[in-house]
Amino acid sequence: MLVVGLTGGIATGKSTVSKLLKDKHDLTIVDADVIAREILEPGQPAYKKVVDHFQSQVADLFVPDSDKGKGAAINRPALGRAVFGKENEKNRLFLNSVTHPAVRKAIVWQVLSAWIWGNRLVVLDIPLLFESKLDRFCGLTVVVSCSDEIQVERLMKRDGSERADAQKRIESQMSVQDKKKLANEVLSNDGTLAELELQVDELVKKITPGIIWTFLTWIPPIGLASAVWTYVDRNYIRSKL
């Protein structure tokens, strides 16, 4: 089974590509954003840690009238404002230290499930794929990119934010240019949806493993050797940059 890491900058179109892969090509998607939302739901271990840390700092941390017995839902945009930007690096590092281990655990279980069910290819949709170093466990990585100006404009339109706030969020992440250097494949999303869809179609044709290779990776020694090679190869790519 080929594990494909899908990432990109905020508002570059990663979610659009992920939806195309799922809806049009019927691929299994492991969505880190969905997992991250689930682990911060009231009653989850990470929820209490985040609330204890941010409650005194963020006045609107909770969604009004959302307490159903286990606690009020976290206001994710408000939490985001407390962690994005260079001046909030400590808060961001704390949030990552709480959420990343739980997200990784859930990702591993979903990938194992996909392998057991005989999937030829599974896509890890992870915004911080390279930052979290999860690309080391991917046989292939794909970055969705667009120009800096288009990225800012899309983020402003999507979130209704000011230009300064949009740029702050973008600057808090690894740049798209740096991500492209680590990627095996790059999808350019400066044009129309139809143009992007065509690129996705070509990508799927190019990277889908053959049935024989998929069968061979079910054999434990071969599967293990493939996983080790993937890890070594990804580390080599990083070392060359």
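Just so it is clear, none of the values below were taken in a lab; they were calculated from the coordinates. All of these numbers come straight from a predicted model, not from anything done at the bench. Cβ: placed from backbone, ideal geometry, glycine included. Neighbour counts: every protein chain shown.
Odds and ends about this structure:
- The Kirkwood radius of the range 147-214, taken over pairs of alpha-carbon atoms, gives through the Stokes-Einstein law at 20 °C and 1.002 mPa s a diffusion coefficient of 149 µm² s⁻¹.
- Using the Karplus relation 6.51 cos²θ - 1.76 cosθ + 1.60 with θ = phi - 60°, the per-residue 3J(HN,Hα) values for the range 95-100 come to 4, 5, 5, 7, 8, 4 Hz, with x marking Gly and Pro.
- Square roots of five times the Cα gyration tensor eigenvalues for the range 84-131, Å: 30, 12, 5
- Helix 148-159 and the longest principal axis of the Cα set of the chain meet at an angle near 60°.
- Rounded to 10°, Cα long-axis angle of helix 220-239 versus longest principal axis of the chain: 60
- For the chain, a crude dipole built from +1 on the beta carbon of Lys and Arg and -1 on the beta carbon of Asp and Glu, taken about the Cα centre, is about 680 debye to the nearest 20.
- Reachable lysines from Lys49, criterion Cα separation under 28 angstrom, eight or more residues apart if same chain: Lys68, Lys70, Lys86, Lys90, Lys105, Lys133, Lys168
- Put simply, the chain fits an ellipsoid with semi-axes of 31, 23, 17 Å; these come from the alpha carbon gyration tensor as the roots of five times its eigenvalues, largest first.
- The range 93-204 - charge dipole about Cα centre, Lys and Arg +1 at Cβ, Asp and Glu -1, debye rounded to 20: 620
- Computed over the range 1-130, the range of Cα coordinates on each principal axis works out to 47, 33, 25 Å, biggest value leading.
- Split the chain at each of the trypsin sites (Lys or Arg not before Pro) in a DSSP loop with at most 14 other beta carbon atoms within 10 Å, and the longest piece is 134-239.
- Which of Val123, Ser188, Leu112, positive extreme of dipole for the chain (C-beta unit charges): Leu112
- Efficiency of FRET from Cβ geometry, Lys205 and Lys86, R₀ 41 Å, rounded to 0.05: 0.50
- Euclidean distance between Cα centres, the range 163-191 to the range 68-132, Å: 18
- A quarter of the convex hull surface defined by the alpha-carbon atoms of the range 1-59 gives 6.2 nm² as the mean projection.
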